[in-house]
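Below is one structure, written out as structure tokens; the observations come after it.
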Amino acid sequence: MEKVWHKHYPKHIRPELEIPNQSLPEMLVETVKKYPNHPALYFFGQEISYTKLGELAGAFASCLQQDGFEKGDRAAIMLPNCPQYIISYYGILQTGGIVTQVNPMYTSNELEYILRDSGANVIVIYEPLLPVLKQIIANTSVKRVITVNFEGKEAVDEFSIDFASFLKSVKKPPTPVMIQASEDVAVLQYTGGTTGRSKGAMLTHRNLLANVMQCYEYFKDEIKPGQDRMLTVIPLFHVYGMTSCMNLAIYTGALNILLPRFEIEEVLQTIKETKPTSFPGVPTMYIALINHPKVNEYGLDSISICNSGSAPMHVELMRTFEEKTGAKILEGYGLSESSPTTHCNPAFGPRKPGSVGIGVPSTDYKIVDLGDGIKELKPGEIGELIIKGPQVMKGYWNMPEETANTLRDGWLYTGDIAYMDEDGYVYIVDRKKDMIIASGYNIYPRDVEEVIYQHPAIKEAVVVGVPDAYRGETVKAVVVLKEGQQVSEDELISFCREKLAAFKVPRIVEFRSELPKTSVGKILRRKIREESAKVSE
């Protein structure tokens with residue numbers, strides 16, 4: 001296949017990479033040697049150097065081994081962004097163990113499913129979440145509970161031990177473990193479960209190292225090893241935060257500025273105080289920033305690059321953000337199954353708003369027919385995006401059938417509907433399952449949302465299909481208005497009618513004060529669709 005996107009690569013950026021047979025703990029060791037005294041982590045005024053981070057990760061690994069934790073065992077991390085997250089993550093990996101990523105917002109039922117499915121026997125958990133764990137721990141394999149709090153207090157009880165006390169039990173350096181980077185699983189990254197049971201994507205050490213190297217090569221004009229300052233508000237338990245913030249920062253010797261949540265005033269104050277050079281985010285974060293009345297007073301000009309991922313960045317929002325801040329947004333694409341990054345608009349070449357860009361190094365991709373999944377389509381034709389590369393997962397944990405459906409002949413079938421232009425730029429149209437079929441017409445929600453966002457009163461919008469006795473489905477828009485703005489349902493529908501084909505125009509508009517979102521800030525289209533379907537019954 002012709003890789004037309006390679007023509008955009010300048011000579012100093014390699015389109016194909018050799019990925020070494022190296023584990024993530026070995027990556028950390030290399031960075032510690034290069035930048036021993038450089039600050040690695042910043043958390044509410046406290047700094048940890050790379051040397052100290054390496055020591056703490058090693059101590060955590062040794063304590064786990066003293067507990068009987070062995071290579072291949074699973075340990076869950078259920079924490080907000082904090083230094084203990086990164087120490088635990090690299091400590092677990094140093095033992096040859098597998099990190100099981102857990103969203104701290106999970107209910108007891110969701111937590112029980114992941115702990116049982118992964119078979120985790122250790123959990124590192126934010127102390128206020130203990131009541132959630134206590135409800136279900138008897139139904140799991142968990143034997144060791146390590147708690148983290150931000151007050152610095154030490155506590156040991158029959159049920160758990162706090163993080164500091166656990167580390168104090170260290171008696172000797174960790175026992176070295178042989179890790180086969182291409183085979184050994186480093187992380188179980190559970191997908192959102194939007195199409196059924198949540199699935200654990202098995203990401204090997206090589207998968208994760210490959211994606212870090214791919215991202216570094218692609219952005220190396222923007223990255224200054226040993227000098228950058230990364231603002232990490234994206235949750236580390238999310239695959240995007242794990243790779244684009246935590247692991248990439250460690251690979252490049254950057255300072256990781258950690259915030260446990262996205263709180264607009266706290267984020268702006270942190271930017272003012274720490275002057276980050278990069279800020280990976282999601283569209284809802286950028287929406288919050290551009291709607292803050294004093295955004296220009298916080299020195300956002302220290303940020304040279306904003307990577308936007310996890311959800312589509314609507315063109316109008318991108319334009320407004322860049323006009324207000326001067327920062328450049330590079331929209332990208334990825335998924336849990338690919339560690340996650342596969343595409344991004346290049347800083348070195350044409351940036352096409354509305355596109356997720358071209359493939360990062362060593363990434364092949366094509367658009368195939370939605371029916372047979374094999375026939376490769378021509379530029380401009382809409383089909384399913386499939387991907388091949390060293391960052392693609394080993395498979396799903398204990399799900400051979402799901403693995404066989406998703407990985408075929410070395411290709412990852414993404415489930416995303418897309419098209420490619422003549423230059424190899426990819427445009428995500430929608431998820432297969434999100435497409436609306438009304439009176440036989442295929443309607444892609446993003447097409448409608450792009451128009452709605454052009455209305456000056458709209459802050460956020462999501463479009464879903466709802467059951468319709470005549471059309472099969474009809475188009476519904478759920479919107480949030482900017483503060484102090486007003487628009488009626490009829491006015492918004494008329495606005496859309498001027499810019500959209502008649503069959504795409506929303507027939508129903510619902511106004512809300514806020515939209516449901518995931519912990520990473522991604523709008524929960526599935527939840528809105530389910531709620532809307534119940535209302536229409």
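Quick notes on this one:
- Residue 372 contributes about 80 Å² of solvent-accessible surface, heavy atoms of the protein only, 1.4 Å probe.
- With R₀ fixed at 35 Å, the C-beta to C-beta distance from residue 141 to residue 364 puts the FRET efficiency at about 0.35.
- Across 220/272; 328/433; 3/324; 33/168; 482/534, pairs whose alpha-carbon gap is larger than 29 Å: 328/433; 3/324
- Within region 113-202, DSSP assigns beta bridges of which about 35% are antiparallel (rounded to the nearest 5).
- Computed over the chain, the per-residue total of -39500 (n - 2.57) for DSSP H runs of n ≥ 4 gives a 222 nm mean residue ellipticity of -8000 deg cm²/dmol, rounded to 500.
- Convex hull volume per residue in cubic angstrom - Cα atoms of region 101-236: 186 Å³
- Exposure rank, largest accessible area first [433, 275, 476; 1.4 Å]: 275, 433, 476
- Computed E for residue 381/residue 198 - FRET, C-beta separation, R0 25 angstrom, nearest 0.05: 0.15
- Which of 160, 37, 185, positive extreme of dipole for the chain (C-beta unit charges): 37
- The smallest convex shape that holds all Cα atoms of region 162-225, its convex hull, gives 214 Å³ per residue.
- Residue 397 sits with roughly 40 Å² accessible to a 1.4 Å probe, with DNA, RNA and ligands left out of the calculation.
- Compared with the direct C-alpha span, the chain from residue 372 to residue 501 gains 43.6 nm at full extension, assuming 0.36 nm per residue.
- Residue ranking by accessible heavy-atom surface, 1.4 Å probe, largest first, among 12, 314 comes out as 12, 314.
- The angle between the Cα long axis of helix 108-118 and the main principal axis of the chain comes to about 70°, on a 0 to 90 degree scale.
- For region 59-142, alpha-carbon Rg relative to the globular expectation (2.2 N^0.38 Å, N residues): 1.01
- Shown here is the pair-distance distribution of the chain: with all Cα-Cα distances grouped in 20 Å bins from zero up to the longest one, the shares run 21, 56, 22, 1 percent.
- Value of relative contact order over the chain, rounded to a whole percent, pairs C-alpha under 8 Å and six or more apart: 12 percent
- Cα gyration tensor shape for region 429-479, rounded if a/c is under 1.5, else prolate or oblate: prolate
- For region 242-389, averaging the sequence separation of C-alpha pairs within contact (under 8 Å, six or more residues apart) and dividing by the residue count gives a relative contact order of 14 percent.
- For region 380-537, the extents of the C-alpha atoms along the principal axes are 51, 36, 35 Å, listed from largest to smallest.
- Per residue, region 315-423 exposes 38 Å² of accessible surface when a 1.4 Å probe is rolled over the protein heavy atoms with every protein chain present.
- Rounded accessible area per residue of region 89-161, 1.4 Å, Å²: 43 Å²
- Taking the charge dipole of region 205-339 about its Cα centre, with +1 at Lys and Arg Cβ atoms and -1 at Asp and Glu Cβ atoms, the residue from 255, 283, 245 reaching farthest to the positive side is 255.
- Enclosed volume per residue, in Å³, of the convex hull spanned by Cα atoms of region 318-460: 148 Å³
- The fraction of accessible area contributed by carbon and sulfur in the chain is 49 percent, rounded to a whole number (1.4 Å probe; ligands and nucleic acids excluded).
- Between 0 and 90°, nearest 10: helix 205-218 axis offset from the chain longest Cα axis: 60 degrees
- If both residues of a DSSP beta bridge must be in the chain, then about 60% of such bridges are antiparallel.
- Largest to smallest accessible area among 471, 14 [probe 1.4 Å]: 14, 471
- Computed as a quarter of the hull surface, the mean projected area of the alpha carbon convex hull for region 37-176 stands at 8.2 nm².
The values are calculated or read from the model by the stated rules, or taken from the named source; none is laboratory data. On a predicted model such as this, the values are computed, not experimentally measured, just so you know. Please note: Cβ atoms are built from the backbone with ideal geometry, for glycine as well, and neighbour counts cover all protein chains shown. What goes into the accessible areas is simple: the full protein's heavy atoms, side chains included, and nothing from ligands, DNA or RNA. Shrake-Rupley method; radii C 1.70, N 1.55, O 1.52, S 1.80 Å.
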